Each structure stands twice: as structure tokens, then as C-alpha cells.
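The values are calculated or read from the model by the stated rules, or taken from the named source; none is laboratory data. Treat the numbers as computed from the prediction; the structure is a model and nothing was measured. Because the Cβ atoms are built from the backbone with ideal geometry, glycine has one as well, and the counts that use them run over all protein chains shown. Heads up: the accessible areas ignore ligands, DNA and RNA and are worked out on the full protein's heavy atoms, side chains in. Shrake-Rupley method; radii C 1.70, N 1.55, O 1.52, S 1.80 Å.
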Amino acid sequence: MSHGNKLIAKNSLILLLRLFVTSIFGLISTRIVIQSLGTSDYGLYALIGGIVVMLVFLNNVMMTSTYRFIAYELGANNVDRVNKIFNISLLIHLSIGVLIFILAESIGVYYVKSHLNVEPEKIKDAVFILRLSAYATIANVVSVPYQGLLVAKENFSATAKIEVFRSILGLIVALIILNYTGNRLRLYAILISFINFIPTCVFIAYCKKHYQDLVRWQLQKDKLKYKEMLGFSGWIMLGAAAGIAKNSGSALVVNSFFGTVLNASFGIANQVNNMVQMFSSSIGQAAIPQITKSYSGGDSDRTVTLTIYLSKYVFFIMLIPALPILLETEFILVLWLGELPPYAALLVQLIIINAMMDSLGGVGAIAQATGKIKYFQVIISTLSVLSLPIAYYLFKLNFLPPTIVAVFIATSVINLILSVILLKYIIKFDVKNYLHVVHKRILYVLLTLVWLFFAKEYFEEGWMRFVVVVFCSVMILIFSIYMVGLDQREKVVVASIYREFVVKKLKGVKK
């Protein structure tokens with residue numbers, strides 16, 4: 001493997017280890033928090049958090065823009081321009097922070113007081129949570145240029161340590177509110193906001209120490225570069241808005257029809273979904289800077305190859321945690337949370353399926369690397385946003401809560417088809433090769449797994465079935481991926497990696 005490919009493998013491992021640790025702490029914390037707050041209050045907190053995310057979607061847009069532009073300059077060996085990009089990004093993010101404050105204190109507070117479907121006595125708590133969450137979010141906004149620099153430099157060991165530290169603090173917060181006798185909801189909001197400030201300070205301090213020349217403040221007056229970054233961000237913004245419509249917007253729609261108890265079900269489903277998605281995003285985060293650098297360095301063949309194989313690997317990595325969860329959803333949720341709110345198990349299954357469909361849209365990484373994202377973003381994002389009013393209309397016709405996720409799945413399928421077609425015109429993407437390498441192999445793997453969903457019904461639900469299903473499904477999946485999911489060249493690479501790392505380590509232990 002080339003140095004770049006080895007770096008992808010190393011960073012993927014770091015991010016997967018980070019995920020393993022943060023997932024354990026996150027799952028334990030969520031169980032304790034739900035027990036402490038109760039289903040309704042947990043649903044309220046999840047809902048208000050969704051409103052804040054809606055206000056801060058600009059932040060997510062600029063995160064993508066920041067590391068894309070920095071990685072592009074690094075790939076083109078324009079190191080002197082990195083500091084310029086960083087300072088432009090920092091000034092833009094300071095402006096976004098001010099905008100979020102204004103929106104939270106005006107539109108956010110107005111919506112909570114006038115339209116939120118909660119008990120009247122909970123309105124003051126909701127406003128309190130909104131403000132604290134918004135302030136913590138503003139702190140995170142300011143840290144985005146620093147995070148973007150670390151991603152572009154592919155320094156994932158630093159970001160992983162910071163995120164593990166934050167997850168440990170989250171567990172401590174959960175234990176604190178468990179033993180608190182006052183207003184647990186407000187205390188939880190205060191403590192969570194506080195621990196969200198800490199990573200911001202660490203990111204800034206780390207970059208000032210290790211990348212002093214790159215983060216040195218200098219006011220930039222290059223209007224064309226501001227225009228270029230904001231223009232790129234403007235098109236990315238459509239994708240972010242679509243994501244908000246499918247997440248936070250769906251929470252508001254569900255709340256208006258079914259109340260905070262169903263918001264709790266969606267909150268639980270999204271928590272599980274986030275864990276599953278982090279498995280796939282670990283590969284994506286590690287590979288995307290290399291895709292951008294390859295393109296800016298003039299290696300278009302490697303750019304396309306990385307993207308195609310990334311789509312397949314992301315899906316397979318996501319399938320490793322997703323398959324056992326899909327097979328034993330209700331047992332896992334009851335084991336984790338105890339009593340379940342309505343539709344929780346079904347929502348978890350549907351949201352995971354939707355996330356797996358979305359993971360195949362990783363081909364968009366090429367479009368971002370090229371900067372030619374206008375039509376790509378307009379068409380794909382518009383379809384995603386339209387799924388929300390469709391779901392709203394179906395709820396008006398008395399459809400059940402899971403209907404909204406079914407609409408999202410249908411939209412994801414259409415978006416996947418359109419993404420590939422658009423890329424063919426943007427960069428002359430080889431659609432036939434993509435279907436052969438990715439979709440055909442994925443189909444082969446899925447066909448070998450279908451029987452598991454029928455076979456498990458022959459055994460009585462309980463611990464024994466759970467252990468057997470989880471172990472056997474993962475082993476069968478790994479075997480299936482190797483046998484029918486990989487081509488001959490990939491099998492040779494896997495075998496060489498096995499000989500280089502596993503066999504040598506075992507021989508070293510024996511000696």
C-alpha cells in the first residue's frame with residue numbers, strides 16, 4: 001500500500017477505537033439519563049437539542065468547507081496559504097456564532113413559547129435548555145476552524161482523545177443527576193453545556209501549541225477568497241438543510257402530532273443510529289482528506305478509486321454493528337433501557353436502514369473535492385427537503401409515526417440513483433465500474449444474510465439466542481464480506497495485511 005493508503009488504515013483504526021470507547025460510555029450514560037429524567041423529560045431535551053442543531057446547521061456546513069479548503073492547499077503544497085484559509089474561516093465562524101445567538105434568542109425562544117407541544121409548566125425549562133444549548137453550540141462553532149485544521153492534517157489521534165474525554169465527562173454527568181433530588185432536567189442541561197465548552201478550549205490550545213504558524217491570527221482582506229469559501233459553503237448548505245429536515249425537522253413534526261413521548265422514541269432510535277453511523281464515518285473521515293489531496297495534487301485516478309472503494313467499505317463497516325441490532329432490536333433495547341416507549345424498536349430498525357442507504361452516497365466526496373457541487377447539491381438536497389412535507393401530509397391522513405422514516409428511505413434511494421448520474425456529468429464518473437465494484441458486491445453479501453432473519457425465529461427469545469445470533473451473524477458477515485464482497489485483488493491485500501501484522505505478532509509472542 002502507498003503511504004496515503006496506510007495513513008487511511010491507521011486513522012480508521014484510531015477512529016474505530018475511539019468509537020468503541022465512546023459508544024460504551026454513551027450507551028451507559030443514555031440509560032442512566034433516561035432513568036433519571038423520565039421518558040417525557042428526555043424527549044423534551046432531545047427535542048430542544050434538535051432545535052439548536054437546526055439553528056447551527058451553518059456550523060456543520062463551514063466545518064466541511066474549512067477542512068476541504070485546507071486539505072486542498074496541503075495537497076497542492078501551498079502551505080503558506082493554509083494560515084490564510086484558517087483566518088478567513090475563523091472570522092466567518094465568529095460571525096456565525098453571533099447569528100446563532102440572535103436566532104436562538106428570537107426565533108428559538110418564540111417557537112418554544114408559542115408552538116412547542118409540551119405541558120405549560122415545562123415551557124420555562126424548555127427555554128432554559130434552549131439558551132444553554134445555544135451558548136454551548138456557539139463555543140463549538142468557534143472551535144470548528146481548529147477542528148477542520150486537525151482533520152485536514154489527518155491528526156485523528158488528537159481528536160479521538162478529546163472525544164473520549166468528553167464521553168467520560170458525559171457519564172460523570174449522568175451519575176451526578178441520578179443522585180440529584182432537585183430539577184434534574186435543568187441540572188443536566190447546565191452540566192452538558194459545560195462539558196461541551198471543554199473540548200473547544202482543548203482544540204484551541206492544542207492547535208496553538210502544535211500548529212502555531214498555521215493558526216496565527218492575521219486579518220485577511222482577500223474578498224475573492226471569502227466569496228469562494230462562502231459560495232462553496234452556500235451550496236453545501238443545501239445538503240446541511242436537508243439533513244436538518246430529516247433529523248431535527250422530523251422531531252418537530254412528530255412532536256406536533258404525537259407529543260414528547262414519541263420524541264423519546266425517536267431520540268433513542270437516533271442514539272442507536274448515531275453509534276452505527278460512527279462506524280462508517282470513521283472510514284469516511286480518514287479517507288476524505290486523502291481524496292481531496294489526491295485531486296488537488298492532480299492524481300484523478302486515485303481520487304476516483306478511493307471514492308468507489310470507500311462507498312463499499314463504509315457500507316460493510318456499518319453492517320457489522322447494524323446486522324446484530326436489526327436481528328435482535330427489541331431484546332437489545334429492553335436490555336439497555338428497560339421499558340420502551342411506543343414504536344422504539346421499529347424506529348431503530350427503519351432509521352438504521354435509512355442510514356445504510358445514505359452511506360452509499362459517499363460518492364459525493366468527489367464532487368466536494370472538485371468544488372463542482374452546484375447542481376449536485378441543488379437536486380439532491382431539494383429532494384431530501386421535500387420528504388418532510390410529504391411525511392407531514394401523510395400524518396394528516398392518520399398514518400403511523402414510522403411512516404416518516406419510510407419516506408426518508410424512499411428519498412434516499414432516489415438520491416443515490418441521482419448522485420451517480422450527476423457525477424457522470426460532473427467528472428465523467430464510470431458508473432458501470434461503480435455498480436460492479438460496489439453495488440454488485442453488496443448485493444451478494446446481503447443475499448447471504450437474508451436467511452438469518454428467518455432462522456432466528458426457530459429459537460426462543462432470550463440470552464442464549466441473543467449471544468448465538470450476535471456471534472454467528474458477525475462471523476457469517478465477515479466470512480461473507482471476504483468471500484463475495486471483495487474482489488481477488490482486495491483478497492490479496494487482506495492476506496498480505498494478515499501476514500504482515502497478525503502472523504508476525506503471533507510469532508513475536510511465541511518467542
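Overview of results
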item: All helices (runs of 4 or more DSSP H) inside the stretch 401-495 with 2 or more residues being polar (S, T, N, Q) and in contact (Cβ under 8 Å) with a residue 24 or more places away in the chain; result: 403-427, 463-480
item: Where a residue in the stretch 301-313 is modelled with pLDDT of 80 or more and its partner, wherever it lies, is part of a helix (DSSP H, G or I) and of a type in the set (K, R), with Cβ under 9 Å and at least six apart; result: K312/R441
item: Total residues in the stretch 99-121, condition farther than 23 Å from R184 by Cβ and more than 25 Å from the chain's Cα centre (by Cα); result: 8
item: Matching residues in the stretch 184-229 - criterion: being surrounded by fewer than 19 Cβ atoms within 10 Å (Cβ to Cβ) and under 23 Å from the mean Cα position of the chain (by Cα); result: S193, F194, I195, F197, I198, C201, V202, I204
item: Residue within the stretch 10-23 that is among the hydroxyl-bearing types (S, T, Y), in contact with a Phe, Trp or Tyr (Cβ under 8 Å, 6 or more places away or on another chain) and modelled with pLDDT of 75 or more present; result: no
item: Qualifying positions in the stretch 55-94 - under 20 Å from F197 (Cβ atoms), modelled with pLDDT of 80 or more and open to solvent by 30 Å² or more (accessible area, probe 1.4 Å); result: L94
item: Complete set of residues in the stretch 150-183 that are under 28 Å from T64 (Cβ atoms), outside any helix (DSSP H, G or I) and either open to solvent by 20 Å² or more (accessible area, probe 1.4 Å) or of a type in the set (S, T, N, Q) (or both); result: K153, N155
item: Sole exception among (1) at pLDDT below 80; (2) in contact with a Leu (Cβ under 8 Å, 6 or more places away or on another chain) for S384, by number; result: (2)
item: Residue selected from the stretch 385-420 under the condition open to solvent by 30 Å² or more (accessible area, probe 1.4 Å) and among the small types (G, A, S), by the criterion nearest to G298 (Cα to Cα); result: A410
item: Residue match in the stretch 355-365 (condition: under 30 Å from I32 (Cα atoms), buried (at least 20 other Cβ atoms within 10 Å of the Cβ) and within 20 Å of the chain's Cα centre (by Cα)); result: yes
item: Index of the failed condition, A365 passing every other in (1) under 23 Å from N255 (Cα atoms); (2) assigned to a helix (DSSP H, G or I); (3) at pLDDT below 80; result: (1)
item: Test for K124: is it basic (K, R), in a helix (DSSP H, G or I) and farther than 19 Å from L191 by Cα; result: no
item: Residue tally, condition open to solvent by 80 Å² or more (accessible area, probe 1.4 Å) and in contact with a Lys or Arg (Cβ under 9 Å, 6 or more places away or on another chain), over the stretch 466-482; result: 1
item: Sole residue being over 27 Å from G26 (Cβ atoms) and among the hydrophobic types (A, V, I, L, M, F, W, C), chosen from L337, L386, L350, L346; result: L386
item: Among the candidates L423, L449, residue that is within 30 Å of I380 (Cβ to Cβ) and either at pLDDT 85 or above or open to solvent by 30 Å² or more (accessible area, probe 1.4 Å) (or both); result: L449
